[in-house]
Amino acid sequence: ITYFYGIQNTLELYFNTTHKILSDWWMQSAYLDSRMPVAMYTSPGVVLPKMHFQDRQGQMRFAAKLIAGVLDFKSMIDSETLPVEYLGGKPLCMDQYYQVLTSCRIPGPKRDVVVNYAIGKTPPSHITVVHNFQFFVLDVYNSDGSPLTVDQIYVQLEKIWNSSLQTNKEPVGILTSNHRNTWGKAYNNLIKDKTNKESVRAIQKSIFTVCLDAPMPRVSDEMYHNKVAAQMLHGGGSRWNSGNRWFDKTLQFIVGEDGSCGLTYEHAPAEGPPIVFLVDHVVDYMKRTEMVRTPMIPLPMPQKLRFNITPEIKKDIEKAKQNMNIMAHELDVRVLNFTHYGRKFPKSHKMSPDAFIQMALQLAYYRMYQTCCPTYESASLRMFRLGRTEAVRSTTTESLQFTKAMDDPSKHNSEKAALLEKAIKVHREHTHMAIHGQGIERHMLGLKMMAIEDLTSLPEIFMDTSFAVAAHFNLYTSQVGSKTDCVMCFGPMVPDGYGICYNPMDDHINFAVTAFNSCEETNATKLSQFLEDSLLDMKTLLEQVSKTQ
């Protein structure tokens, strides 16, 4: 730590004057250099509440309203009238909002790039719609520049649906779910053909993508949310909707024929909060908007994107299908709708809801494994220009003292409550430091990248075993709060770890817990049960202590 504070001053320059350097390094090291598939490994999914339609008309109507809602949001981006967000009275950097529309990740042999097509002289005016593995270009603006109405979009979606009824098409989109090196080679092979290249460019340049999904296999109500979360992350496998995607596209809204809906997004350009803000805007817009009959000017037929499938491309697609099926089988997803209380309860005890939930996660993990582990909680650096994230390390001496005391019969409730309070206070302090640029992780990243770029020897700390152990985050967590009753989900950061995302509402909390089935030590269902019990026990503890005071 002393060593760290010694080097911290060196990095002040990077943090306070050239934020772009650090944010570029972060985007590169966290995303673009990663060779793992984006589906499941880095791209989060968002599950929206189940819709009550059960047929294609309902699906089209919903999709049409959703598209109109995103275009309404885009009008604020285009006119730069998006209200600035504040945290603790300080304005936050809004740059990420300008990166999510009209952008796409493009595979490279060793490193990918993200291209934002909104920056050119004539920004694209189309979205892509994919149905039964077939992609269409849908122009969403009239010749006078006004966006299509919900009614007009509905008519265009009907045309798309009716001209893509056959399901025997090659799912070209599934190639984007592959390991990045494999996809990089397949990509270069795919775009050798002029028609294919034009089709791929049309997808990449589109404002966003809408996936009109086939219904999922029916499951019990209890399993429904787990299945939908998996659907948002990877599409359910090649037999279902995994080919109905272009995983490199920054924003893909997913609307299933059975009422399941949500989105998946490629993580490199932005964090979760801007995505969820967009979702809240769209959901709000859809509540306000009624289908208005508009005078129907005949609109041109949406253009179907053609692909010439050579035997080599077909082989690549078959390989991607096999890999996707292995991946889909590998990820265990558990959605926990914790209905006993929400963020109002810890607030009533003058405790931070986020820190309270983090301590419940610590307790759940300790009860399951009789030990604590390195824990990563994402914190926003948007107080800084182009800031992305810093990590709050939720495992502390104080959190361990609390988790050990909780099930110790020799400890009085008042002592346990005091330890909980202390652990929460420390977590709050660490969060405050992280969002104000005083965390450890990004400074360490800056030091490492400076050494690599200056071709100097890597500081010894990076070679130390303890550094590797500390960076092996068995709990990879994030709070993504939303006004909408939705839940975000993402895969674990390490093979023997968990990915945990939560949305605390006033009176309930939505959690998504993921783990890999191939790891015998992890079990998402079991950890979810421990988490529920921990949250209930912590509530009981505080209530009992309150009674005796």
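The values are calculated or read from the model by the stated rules, or taken from the named source; none is laboratory data. Since the model is a prediction, treat every value here as computed from it, not as a measurement. Glycine gets a Cβ as well: all are built from the backbone with ideal geometry, and neighbour counts include every protein chain shown. Heads up: the accessible areas ignore ligands, DNA and RNA and are worked out on the full protein's heavy atoms, side chains in. Shrake-Rupley method; radii C 1.70, N 1.55, O 1.52, S 1.80 Å.
Conditions (1) without any contact (Cβ under 8 Å) to a residue 12 or more places away in the chain; (2) crowded, with 22+ Cβ neighbours inside 10 Å; (3) of a type in the set (A, V, I, L, M), marked per residue:
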{"residue": "Lys169", "(1), (2), (3)": "no, no, no"}
{"residue": "Pro215", "(1), (2), (3)": "no, no, no"}
{"residue": "Met232", "(1), (2), (3)": "no, yes, yes"}
{"residue": "Trp246", "(1), (2), (3)": "no, yes, no"}
Item to check | All strands (runs of 3 or more DSSP E) inside the stretch 45-121 with 2 or more residues being open to solvent by less than 10 Å² (accessible area, probe 1.4 Å) | outcome: 45-47, 103-106
Checklist entry - Which of the residues belonging to the stretch 352-393 are open to solvent by 40 Å² or more (accessible area, probe 1.4 Å), under 21 Å from Ala270 (Cα atoms) and among the charged types (D, E, K, R)? => result Arg385
Checklist entry - Which residues, taken from the stretch 360-396, are aliphatic (A, V, I, L, M) and more than 30 Å from Tyr98 (Cα to Cα)? => result Ala360, Leu361, Leu363, Ala364, Met368
Next on the checklist: Looking for something small (Gly, Ala, Ser) and at pLDDT below 90 - is there at least one such residue anywhere in the stretch 405-412?
Outcome noted: no
Checklist entry - Residues Pro459, Pro492: which one is open to solvent by less than 50 Å² (accessible area, probe 1.4 Å) and in contact with a Gly (Cβ under 7 Å, 6 or more places away or on another chain)? => result Pro492
Checklist outcome for this item: In the stretch 508-549, anything over 29 Å from the mean Cα position of the chain (by Cα), among the basic types (Lys, Arg) and open to solvent by 80 Å² or more (accessible area, probe 1.4 Å) is listed as Lys547
Item to check | Every residue from the stretch 187-210 that is open to solvent by less than 10 Å² (accessible area, probe 1.4 Å) and of a type outside the set (Ser, Thr, Tyr) | outcome: Leu190, Asn196, Val200, Ile203, Gln204, Ile207, Phe208, Val210
Checklist entry - Condition test on Glu429, is it in contact with a Lys or Arg (Cβ under 6 Å, 6 or more places away or on another chain), within 26 Å of Gly499 (Cβ to Cβ) and free of Cβ contacts under 8 Å to residues at least 40 places away in the same chain? => result no
Next on the checklist: Looking at the stretch 264-283, can you tell me whether even one residue there is touching a Cys at 6+ places or on another chain (Cβ under 6 Å), under 30 Å from Ile77 (Cα atoms) and buried (at least 20 other Cβ atoms within 10 Å of the Cβ)?
Outcome noted: no
Checklist entry - Got at least one residue in the stretch 153-166 being modelled with pLDDT of 90 or more, touching a strand residue (DSSP E or B) at 6+ places or on another chain (Cβ under 7 Å), within 15 Å of Leu212 (Cβ to Cβ) and of a type in the set (Phe, Trp, Tyr)? => result yes
Next on the checklist: What pairs come out if I take residues in the stretch 345-361 that are more than 20 Å from Thr395 (Cα to Cα) and pair them with residues that are surrounded by fewer than 23 Cβ atoms within 10 Å (Cβ to Cβ) and of a type in the set (A, V, I, L, M, F, W, C) whose C-beta lies under 6 Å away, six or more apart or interchain?
Outcome noted: His349/Leu542
Item to check | Residues located in the stretch 326-351, provided they are under 27 Å from Met232 (Cα atoms), open to solvent by 70 Å² or more (accessible area, probe 1.4 Å) and either assigned to a helix (DSSP H, G or I) or not β-branched (Val, Ile, Thr) (or both) | outcome: Ile326, His329, His340, Arg343
Checklist entry - For the stretch 203-254, how many residues are closer than 19 Å to Lys169 by Cβ and of a type in the set (Val, Ile, Thr)? => result 4
Item to check | Qualifying positions in the stretch 308-325 - farther than 13 Å from Lys192 by Cβ, open to solvent by 70 Å² or more (accessible area, probe 1.4 Å) and not basic (Lys, Arg) | outcome: Pro311, Gln322
Next on the checklist: So Pro124 passes all but one of these: (1) open to solvent by 50 Å² or more (accessible area, probe 1.4 Å); (2) part of a loop (DSSP other than H, G, I, E, B); (3) of a type outside the set (A, V, I, L, M, F, W, C). Which condition number does it fail?
Outcome noted: (1)
